Amino acid sequence: MGVEIKVEHLTKRFGRQTIWEDVSLTLPAGEISVLLGPSGTGKSVFLKTLIGLLKPENGSIIIDGKDITKVREKDLYEVRKLFGVLFQDGALFGSQNIYDNIAFPLREHTRKTEKEIKDIVLDKMEITGLSGSERKLPGEISGGMRKRAGLARALVLDPEILLFDEPDSGLDPVRTAYLNQLIVDLNAQIQATFLIVTHDINTARTVPDNIGLLYRRHLAMFGPREMLLSSNEPVVRQFLNAQREGPIGMAEEKDAGELEAEKGTELGALPPIPIQLPTSSGKARLTQRPPGSWLNEHGVEPPPGSFPGLDLAFGNGASSAHASVSAGNGTGGVRVVPAKKAAARKAPVKRPATGRGDG
Amino acid sequence: MAVSPLAPVRGAGDFFALSLDVLRGLFKRPFQFAEFVQQAWFIASVTIFPTALVSIPFGAVLALQIGNLTKQIGAQSFTGAVAVLGVVREASPIVTALLIAGAGGSAICADLGSRKIREEIDAMEVLGVSPLARLVVPRVLACMLVAVFLNGMVAVVGVMGGYFFNVILQGGTPGAYLASFTALAQLPDLYVGEIKAAIFGLIAALVAAYKGLNAKGGPKGVGDAVNQSVVISFMLLFLTNFIITAIYFQVVPQKGG
Ligand SMILES: Nc1ncnc2c1ncn2[C@@H]1O[C@H](COP(=O)(O)OP(=O)(O)OP(=O)(O)O)[C@@H](O)[C@H]1O
Ligand SMILES: [Mg+2]
């Protein structure tokens, strides 16, 4: 089971340049969270601060009961063993082949024999689809393969927390889809806490349990996926829907004139909320909440057409076309009735209404 | 970004902090023996050939100068002694310094710098491995070892070159050349030369590591780091050379004085 990361009032500056300030959020144990934000807002800096590679000017990061902004260098190396990190370009050791790269953490930190190491490494290489490239050097493989090799290396020590810096940048859409599926399946399997930094709107809308948005040197919003996808907050809405209308301009912020010119334009309806990407076996992840549960608890109506293929009923029952309200659930939860269309699909999206996984 | 007037001071402070950590790391177990051997071999391979090529003409120039000078003042019998003193005390540490900083240090800096910008160093820290213990300490030791070795090599090549010029080209007698060896020179000359070389190796490797580990801004950043590392270590090495020589003359009594 993963561990929770609690970030409180975190501020990071480089000299006089403030990257972000007063960031507070909690990454719930075992859940997948995504961090979004325009280029240069310090998402990579945030990841590096979480692992203690950069020291924040203010605030605390509590992992496993320890404030890692305060611990000594020696203890920091211990805390870091909880982490697996996938860097933006894989960060493989250029002088070692793929096999040795993946075996590196095992050789450094465990007393396993080469035979045991081989079993683990080959297993991780198979999971990430790298079988057969053991003897290649990082310079000899494609960017997508380097990323997957970096992921395999991050996995060998069974991390409790996995951080991904733009796992999908530079990948084609098909590879991105595979990688997203891999992330979801991995989460179901190892149940670690995941944080993904990405620019890919589709990833952000379908993969995570929680979404955060960094903007203008602060955390604009952090919360469950459904909360942000149904939010009308201009920045959140603009970013999550990849629109030009909104406060974000080409150079980070729009000036007053540009905003004034946009005043009259209608923003239009929010696009529908998609179904969260299921695991390839169809079983719910341990921490996965049933679709619509946040909306239902907070009495928020999703945009029309949300959760296609699912027959969801919301608290006031007014929104969904096929609202078939169920009584007797008691918890105010949502009942999921697989519609005929959905049932006919290859991977039926059926989850226990309580959100407890059966895997 | 604004550059604060304190930036150079902070840089020096960071450099000394790194140096202290490395010096402490020299005595920590486990020692990365494989990396040490590999690096020593690597540094030797990039420095030996240029050192040999530099030291032969360097020794020849010294021999020519000394040969002519001693003839002018009628002290031919001391040619050998002066050549040895010149080579062992000054020339070989200087040649060593030039090559260990120019070839060895720049190679270390380029290697660490490119690892830094590829985020390999960060990845290593995240994997719970200290890059100082794993990469920097073995390199520093390897650099010191190779510097000592190079210094010995330059001394031998220089003395042989001096002999060749004096005896064969300038018509001196082998007996006089060899006999004068011991007249002025003494064993501490060689020791101090080797100590100098070890310190040069240490400084060159520390500067290279500091600059390499702080490289930023992509491939150009690595180039800049290597450039600065070579310039800074040259300055430091020549300064150190002067200081050690000055101390040496105060501490060790000189022959025939
Ligand atoms: N070590 C550093 N020293 C000084 N400034 C830095 C350092 N690292 C990052 N910055 C600055 O911090 C800001 C945020 O950088 P960061 O790489 O975190 O952006 P990002 O959100 O990851 O962008 P992208 O989406 O393009 O990867 C940038 O303005 C960058 O110049
Ligand atoms: Mg980034």
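Some notes on this structure:
- Relative contact order, percent, chain B [alpha-carbon distance under 8 Å, six or more residues apart]: 31 percent
- Summing +1 for each Lys or Arg and -1 for each Asp or Glu among the other residues whose beta-carbon sits under 12 angstrom from that of A:Ile190 gives -1.
- Cα-projected label distance for A:Ile201 with A:Lys66, points at 7 Å along beta-carbon direction, nm: 4.2 nm
- Value of relative contact order over segment A:5-222, rounded to a whole percent, pairs C-alpha under 8 Å and six or more apart: 31 percent
- Charge dipole of segment A:5-222 (Cα centre as origin; +1 on each Lys and Arg Cβ, -1 on each Asp and Glu Cβ, all else neutral): 580 debye, rounded to the nearest 20.
- Distance distribution P(r), segment A:1-62, all Cα-Cα pairs, bin width 10 angstrom from 0: 21, 56, 21, 2 percent.
- Simple rule: put +1 on each Lys or Arg Cβ and -1 on each Asp or Glu Cβ in segment A:2-111, find the dipole, and look at A:Ser39, A:Pro28, A:Ala91; the Cα lying farthest toward the positive end is A:Ala91.
- Rg/Rh (Cα only; Kirkwood hydrodynamic radius) as it applies to the protein assembly as shown: 1.15
- Across B:Ile232, A:Ile117, B:Ile168, the residue with the most accessible area heads the list, and the full order at a 1.4 Å probe is B:Ile168, B:Ile232, A:Ile117.
- A:Glu4 contributes about 90 Å² of solvent-accessible surface, heavy atoms of the protein only, 1.4 Å probe.
- Protein-only accessible surface order, largest first, of B:Val159, B:Val9 at 1.4 Å: B:Val9, B:Val159
- Only Lys, Arg (+1) and Asp, Glu (-1) charged, at Cβ; segment B:84-232 dipole about Cα centre in debye: 180 debye
- Our helix-only sum for the protein assembly as shown, with -39,500 (n - 2.57) per DSSP H run of n ≥ 4 divided by its residues, gives a mean residue ellipticity at 222 nm of -15500 deg cm²/dmol.
- Other-chain or far-sequence residues with amide H under 5 Å of A:Leu10's (modelled H): A:Asp22, A:Val23, A:Ser24, A:Ser60
- The residues packed around A:Lys66, meaning those with a beta-carbon under 14 Å from its beta-carbon, carry a net charge of -2 if Lys and Arg are +1 and Asp and Glu are -1.
- Estimated from the Cβ-Cβ distance and a Förster radius of 41 angstrom, the FRET efficiency linking A:Ile275 and A:Ser131 is about 0.85.
- Per-residue 3J(HN,Hα) values for segment A:81-86, derived from phi via the Karplus relation 6.51 cos²θ - 1.76 cosθ + 1.60 with θ = phi - 60°, read 5, 6, 9, x, 10, 9 Hz in sequence order (x marks Gly and Pro).
- Cross-link pairs beyond the 28 Å C-alpha cut-off, checked among A:Lys115/A:Lys147; A:Lys70/B:Lys220; A:Lys55/A:Lys136: A:Lys70/B:Lys220; A:Lys55/A:Lys136
- The B:Gln250 and A:Lys55 beta-carbon pair, evaluated with R₀ = 41 Å, returns a calculated FRET efficiency of approximately 0.35.
- Furthest towards positive pole of dipole, A:Ala204, A:Ser169, A:Ile19, structure part segment A:5-222, Cβ charges: A:Ile19
- Per-residue average of Cβ from other chains inside 10 Å of A:88-101: 3
- Solvent-accessible surface (1.4 Å probe) assigned to B:Val37 amounts to roughly 70 Å².
- Across segment A:113-212, the mean sequence separation of Cα contacts (distance under 8 Å, 6 or more residues apart), normalised by length, yields a relative contact order of 26 percent.
- Cut-off 13 Å between beta-carbons: net charge of the residues surrounding B:Asn241, Lys and Arg +1, Asp and Glu -1: +1
- Dipole magnitude for segment A:15-97: about 220 debye, using +1 per Lys or Arg Cβ and -1 per Asp or Glu Cβ, origin at the Cα centre.
- Listed residue (B:Phe58, B:Leu18, B:Phe33) projecting farthest to the positive dipole end of segment B:16-248, Cβ model: B:Leu18
- Accessible area of B:Met160 in the full protein assembly, 1.4 Å probe (Å², nearest 10): 120 Å²
- Against chain B, whose longest principal axis comes from its Cα atoms, helix B:137-163 is set at around 20 degrees.
- Low-density loop positions, trypsin sites (Lys or Arg not before Pro), segment A:53-158 - DSSP coil, at most 12 other Cβ in 10 Å: A:Lys70, A:Arg72, A:Arg111, A:Arg135
The values are calculated or read from the model by the stated rules, or taken from the named source; none is laboratory data. Not measured: the values here are computed from a predicted model. Cβ: placed from backbone, ideal geometry, glycine included. Neighbour counts: every protein chain shown. Heads up: the accessible areas ignore ligands, DNA and RNA and are worked out on the full protein's heavy atoms, side chains in. Shrake-Rupley method; radii C 1.70, N 1.55, O 1.52, S 1.80 Å.
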